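Have a look at the structure below, then the notes.
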Amino acid sequence: MPGIVSEKATPPRLSVPSSDWQIRTTPPDVSEPGTNSKQISPSPISKPTPSPSPSTSRAKPSPDRNSCKKKQSTVAASEPAVSIDESALDNPDLGPFLLKLARDMIASGDGPNKALDYAIRASKSFERCAVEGEPSLDLAMSLHVLAAIYCSLGLFQEAILVLERAIKVPDISRGADHALAAFSGYMQLGDTHSMVSQLDRSIQCYKEGLQIQIDALGETDPRVAETCRYLAEAHVLAMQFDEAEKLCNQTLEIHHVHSAPASLQEAADRGLMALICEAKGDFESALEHLVLASVGMMANGQDSEVAAIDVSIGNIYQSLCRFDEAVFSYQKALTVFKSSKGDNHLSVASVYVRLADLYYKTGKLRESKSYCENALRIHNKPVPGTTQEEIAGGLSEIAAIYESMNEPEEALKLLQRAMKLLEEKAGQQSTIAGIEARVGVIYYMIGRYAKALSSFESAVAKLKASGERKSAFFGMLLNQMGLACVQLFKIDEAAELFEEARGILEQDCGPCHQDTLGVYSNLAATYDATGRTEDAIETLEYVLKLREEELGTANPDFDNEKYRLTELLKQAGRSSNRKAKSLENLIDPNSKKRSKKVTTKKRWGGLGFRV
């Protein structure tokens with residue numbers, strides 16, 4: 001399931017209990033190990049609540065199923081085959097026995113394929129022995145266990161098919177047990193969609209589960225608060241902050257009814273609310289929530305969590321340009337992390353990165369670079385138990401600072417190293433796609449357009465494979481890919497990419513958003529370059545109308561676009577079979593015809609190509 005706890009992702013874990021109705025799965029999300037697993041039980045849920053985090057980062061992708069299957073066949077070859085007569089599956093005592101064997105195999109950590117075989121046979125037995133017309137909760141439970149085993153093997157699509165079948169088994173009208181089974185199925189299905197970066201489907205499943213839980217338990221039950229928080233975290237990962245804020249407010253209201261003041265649960269939810277407020281630009285509200293969260297954690301003796309909140313407070317101060325207060329908060333956190341976790345822990349490195357960013361912004365480049373080097377030393381020799389995802393996340397952050405310091409080659413090295421750490425990890429394709437997009441932008445800015453295009457293409461392919469085709473990030477990635485195509489004289493391809501990006505950004509950001517208007521401007525320029533003057537004129541007229549009616553004419557882009565439209569209208573009055581504008585003039589309309597060759601350092605500013 002999604003989690004907003006740290007910027008790192010944890011590998012899939014599988015835990016199937018030996019009794020009661022509880023199925024837990026934790027996908028590779030942005031949560032700390034041991035937290036944020038969703039649990040359904042007839043008894044009240046009691047689960048450790050994760051700490052607030054300074055920021056979010058998406059670590060989502062399509063797993064390498066071929067490698068998973070190869071691994072599965074290798075394991076199977078080393079295990080003896082399970083021999084059970086198919087006819088024996090009609091025995092009603094066999095299903096529970098096989099399910100217990102599957103759970104025991106999982107608990108021991110051995111024989112995943114034996115556990116898979118037992119779970120498959122258990123499901124078949126429960127199905128055969130079910131009374132016609134009566135929904136079997138035993139069948140639903142066995143399907144949940146089977147799906148969890150598929151996930152542990154990296155076979156996520158198979159798990160999704162099993163869970164889609166499982167949620168159809170319970171009949172909610174038959175009472176609480178069926179409602180709990182349906183809730184568990186929807187939440188586990190949402191987790192599995194999240195593992196393969198299908199966030200929209202994941203969120204929809206969580207919503208279905210939440211509604212079932214509310215109908216069964218009421219709107220103010222503490223377990224409903226946990227699910228609301230869970231769904232809010234998923235909305236944050238999907239950059240849907242308004243929806244996340246509503247759910248988080250609902251969670252805080254439930255805490256006021258059931259929890260003592262300054263409880264751990266309320267502190268964690270205030271940390272999440274601070275993250276949402278920060279993302280929406282409401283820094284003062286974010287700071288207020290963080291201070292209250294810090295009080296709650298301090299009252300419960302959670303020193304490490306207080307230090308993590310101090311980092312978040314430092315981030316807010318930095319956003320408000322209160323740099324001295326930010327340094328004080330970071331130094332407080334650094335002292336606690338060093339004493340509690342050791343000098344070489346990644347938590348210490350993360351504070352070094354924050355300090356490096358702050359000193360860069362205040363013009364102290366020597367100090368900034370020194371903190372970057374300190375953070376890199378920790379990432380080069382991390383403490384035992386550090387995951388590759390955590391190292392990759394840290395390297396990516398350090399690379400961003402080197403980009404800011406205009407050291408693209410160093411940034412490229414770090415980003416490529418981060419990708420290499422993640423490429424063998426299931427569920428990391430979307431994260432890799434995001435890094436590849438950054439690599440593409442760096443290549444573009446230093447004039448290596450062919451490599452930029454290759455990076456963008458790879459990122460787009462990964463995001464399409466994981467179902468992420470409608471986000472603003474995907475639209476901007478298509479825009480960047482179109483710019484690379486223009487630089488490589490692939491104007492027709494660029495026009496198609498700009499058109500696709502325009503449709504996505506119109507839907508996600510609205511037609512008046514600066515990113516959407518920038519894509520319109522790029523599209524008009526490509527139309528002009530290919531001789532589609534009327535289309536270029538129509539596009540620019542639409543952009544100018546939006547600026548005049550919605551945004552005003554003070555923006556310097558307005559004058560530039562008005563000039564371009566005037567020139568196009570003059571040209572439209574000429575011979576209809578005029579030649580398309582040359583790419584040199586397209587890049588810089590004021591340039592003289594010095595050469596037919598475009599240098600790699602040329603920028604796309606004259607006719608509105610915007611990076």
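The values are calculated or read from the model by the stated rules, or taken from the named source; none is laboratory data. Here the structure is a predicted model, which means the values were calculated and not measured. With ideal geometry, Cβ positions are generated from the backbone for all residues, glycine too; neighbour counts draw on all protein chains shown. Heads up: the accessible areas ignore ligands, DNA and RNA and are worked out on the full protein's heavy atoms, side chains in. Shrake-Rupley method; radii C 1.70, N 1.55, O 1.52, S 1.80 Å.
With a 1.4 Å probe and all protein chains in place, put Glu538, Glu409 in order of accessible area, largest first. Spell out each step's value before the answer.
Working: Glu538 120, Glu409 95 Å².
Largest accessible area first, the list is Glu538, Glu409.
In percent, how large is the relative contact order of the stretch 360-509, given Cα pairs closer than 8 Å and 6 or more residues apart?
Numbers: 156 pairs, mean separation 22.0, N = 150.
Averaging sequence separation for qualifying contacts and normalising by length gives 15 percent for the stretch 360-509.
Between the alpha-carbon centers of the stretch 238-316 and the stretch 90-143, tell me the distance in whole angstrom.
Going from one Cα centre to the other spans 42 Å.
To the nearest 10 square angstrom, how much accessible area does Leu94 have with a 1.4 angstrom probe?
Using a 1.4 Å probe on the heavy atoms, I get roughly 30 Å².
Given a 1.4 Å probe and the protein chains all in place, what does the accessible area of His345 round to, in Å² to the nearest 10?
50
Which of Lys420/Lys464; Lys100/Lys341; Lys280/Lys545; Lys369/Lys420; Lys338/Lys413; Lys464/Lys562 have a Cα-Cα distance over 32 Å? Intermediate values should be presented prior to the final figure.
Working: Lys420/Lys464 21 Å; Lys100/Lys341 39 Å; Lys280/Lys545 28 Å; Lys369/Lys420 24 Å; Lys338/Lys413 28 Å; Lys464/Lys562 36 Å.
Exceeds cut-off: Lys100/Lys341; Lys464/Lys562.
Just to be sure I follow: if Rg is taken over the C-alpha atoms of the stretch 198-330 and Rh is the Kirkwood radius over the same atoms, what is Rg/Rh? Don't skip to the answer; put the middle values down first.
Details: Rg = 15.5 Å, Rh = 15.4 Å.
So for the stretch 198-330, dividing Rg by the Kirkwood Rh gives 1.01.
How far apart, in nm, are the 7 Å Cα→Cβ label points at His258 and Ile446?
For the pair His258/Ile446, the computed spacing is 5.4 nm.
Relative contact order (percent) for the stretch 213-336, with alpha-carbon contacts under 8 angstrom and 6 or more residues of separation? It would help to have the intermediate numbers written out before the result.
Working: 151 pairs, mean separation 21.3, N = 124.
Computed over the stretch 213-336, the figure is 17 percent.
May I ask you to derive the FRET efficiency for Arg377 and Ser404 from their Cβ-Cβ distance with R0 = 25 Å, giving the value to the nearest 0.05? It would help to have the intermediate numbers written out before the result.
Values: r = 20 Å, r/R0 = 0.81.
That gives a FRET efficiency of 0.80.
For Asp191, Asp215, Asp357, Asp242, what's the largest-to-smallest order of accessible area, 1.4 Å probe?
Reading off the accessible areas and sorting them downward yields Asp215, Asp242, Asp357, Asp191.
Just the C-alpha atoms of the stretch 423-572: what Rg/Rh do they give, with Rh taken as the Kirkwood radius? Please report the intermediate quantities before stating the final value.
Values: Rg = 16.4 Å, Rh = 16.1 Å.
With Rg and the Kirkwood Rh in hand, the quotient comes to 1.02.
Compute, for Phe156, the solvent-accessible surface of its heavy atoms (probe 1.4 Å) with the complete set of protein chains present, and express it in square angstrom to the nearest 10.
Accessible area, nearest 10 Å²: 0 Å².
So how much slack lies between Lys207 and Asp282, counting 0.36 nm per residue of separation and subtracting their Cα-Cα distance, in nm? If you can, show how the numbers build up before the last one.
On the way: separation 75, 0.36 × 75 = 27.00 nm, distance 2.65 nm.
Here the segment from Lys207 to Asp282 would lengthen by 24.3 nm.
With θ set to phi - 60°, apply the Karplus curve 6.51 cos²θ - 1.76 cosθ + 1.60 along the stretch 160-173 and write out the HN-Hα couplings as whole Hz, x wherever there is a Gly or Pro.
4, 4, 5, 6, 4, 6, 5, 6, 8, 6, x, 10, 4, 5
Over the Cα atoms of the stretch 324-401, how large are the radius of gyration and the largest Cα-Cα distance (Dmax), in Å?
When restricted to the Cα atoms of the stretch 324-401, Rg and Dmax are 12.0, 36 Å.
Whole-Hz ³J(HN,Hα) for each residue in the stretch 513-519, computed from phi via Karplus 6.51 cos²θ - 1.76 cosθ + 1.60 with θ = phi - 60°, x for glycine and proline: what do you get?
After applying 6.51 cos²θ - 1.76 cosθ + 1.60, I find 5, 4, 5, 5, 5, x, 5 Hz.
Tabulate in residue order the Karplus-calculated ³J(HN,Hα) for the stretch 117-124, using 6.51 cos²θ - 1.76 cosθ + 1.60 with θ = phi - 60°, rounded to whole Hz; enter x for Gly and Pro.
Here the 3J(HN,Hα) series is 5, 4, 5, 4, 5, 4, 4, 4 Hz.
Which value, in Å to one decimal place, does the Kirkwood hydrodynamic radius take for the stretch 315-462 when every pair of different Cα atoms is included? Don't skip to the end; give the middle numbers.
Numbers: mean 1/r = 0.0621 Å⁻¹.
After inverting the mean inverse Cα-Cα distance, the result is 16.1 Å.
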